[in-house]
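Okay, so here's the structure we're looking at.
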Amino acid sequence: MVPVHSWQRWPATVALVLAALLVAAPAIAAPAKPYALGLGLNFASGDYGTDTTTRSVRVPLTVDYFPTDRLDFELIVPFLYQSNGNVIASGGMHFRARGGGMMPGSGNTGGSQSGLGDVTLTAGYLLQQETARRPAVRPLLYLKFPTADSDKALGTGEFDLGAGLGVSKWFGPWHTFAEGRYIFQGSNADLGLKDYATLEGEAGYRMSRRFLPSLDLWWSTPPSDATSDQVEARLKGKYWIADDVRLDGYLAKGLTDQTADYGAGVAIFYFF
């Protein structure tokens with residue numbers, strides 16, 4: 001019998017915890033609009049520390065479920081396209097393998113590739129609601145399924161799981177947000193995968209009832225042996241076309257060699 005290491009049991013454990021939360025949640029009153037569907041289009045271009053520029057397109061389908069005012073689930077199913085296989089896309093990140101390219105036998109080393117990306121599931125719980133003096137506090141669990149084709153460099157072929165904590169607070173028309181996550185990556189010797197941490201901070205100003213622009217800064221420790229820290233700045237905007245329809249957009253600029261040189265994206269969400 002092949003031994004099962006404790007790490008390999010974690011994805012199943014996290015999935016069981018998320019399922020238990022999902023089953024138990026309807027016992028509590030649900031919000032007026034407990035569902036949201038989103039469709040996005042994201043573009044990024046950069047060399048990620050290699051000699052080749054990789055251009056990628058990501059089309060994520062997002063399904064949100066808010067069974068209570070405190071509990072939320074988000075499922076993201078992305079479709080990916082990238083202009084070559086020298087950079088690995090996984091969990092919304094891009095990084096190169098050891099030596100700046102794919103190791104022999106670990107995937108395609110060039111040419112455009114497309115297909116289903118890694119599906120992710122996130123569950124959050126509003127542990128503390130915002131008050132005049134206290135911020136909202138939301139711990140979360142994260143699970144990435146290896147649905148992307150690793151031979152096409154569209155994913156790592158491994159489960160990832162993680163946990164995080166987010167805080168947010170309004171100061172009049174100003175909105176502030178910060179979130180940290182720690183991600184445990186699956187083992188893949190060819191790619192030199194490492195566990196990594198991310199930190200995101202955002203400040204926005206509500207210019208009207210429907211429009212909220214913001215400035216976002218995102219940072220990650222190296223996700224593989226061949227990479228360094230990744231840092232990206234984004235100018236973002238949220239516009240409520242109607243009470244149940246929201247349009248999101250962003251422009252991004254990478255601040256390190258391991259991050260895309262620039263990027264942009266747009267998404268529309270319908271709440272019902």
List the aspartates and glutamates whose Cα lies under 13 Å from the Cα of Lys33, skipping any in the same chain that are fewer than 8 positions away. Asp64, Asp69, Asp72, Asp243, Asp244
For segment 110-186, taking Cα atoms only, what is the radius of gyration to one decimal and the Dmax to the nearest whole Å? 17.3, 54
What residues have an amide H closer than 5 Å to that of Asn84, excluding those fewer than 5 places away on the same chain, when H is modeled at 1.01 Å from N in the peptide plane? Arg55, Gln113
Could I have the simple spin-label model distance between Met207 and Val59, label points 7 Å from Cα toward Cβ, reported in nm to one decimal? 3.0 nm
Give me the lysines in straight-line cross-link reach of Lys194: C-alpha distance below 25 Å, same-chain residues under 8 apart excluded. Lys144, Lys152, Lys253
Give me the number: length gained by fully extending Thr221 to Asp257, i.e. 0.36 nm times residue separation minus the C-alpha to C-alpha distance, one decimal in nm. 11.6 nm
Taking only C-alpha positions in segment 6-271, Rg and Dmax in angstrom work out to 18.7, 57
Return the sequence-ordered ³J(HN,Hα) values of segment 68-81 in whole Hz as given by the Karplus equation 6.51 cos²θ - 1.76 cosθ + 1.60 applied to θ = phi - 60°, using x for Gly and Pro. 9, 5, 10, 9, 9, 10, 9, 10, 10, 10, x, 9, 10, 9
Under the Karplus relation 6.51 cos²θ - 1.76 cosθ + 1.60, θ = phi - 60°, what is the ordered set of whole-Hz ³J(HN,Hα) values for segment 168-183, x standing for Gly and Pro? 8, 7, 8, 10, x, x, 8, 10, 10, 8, 8, 8, x, 9, 10, 10
Taking amide H positions as placed in the peptide plane 1.01 Å from N, state which residues far from Val119 in sequence (5 or more) or on other chains have amide H under 5 Å from it. Phe145, Thr147, Ala148
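Values quoted throughout were computed directly from the atomic coordinates according to the rules given, and no laboratory measurement underlies them. Just so we're clear, the structure is a prediction, and the values are computed from it rather than from any experiment. As a convention, Cβ positions derive from the backbone with ideal geometry for all residues, glycine included, and neighbour counts pool all protein chains shown.
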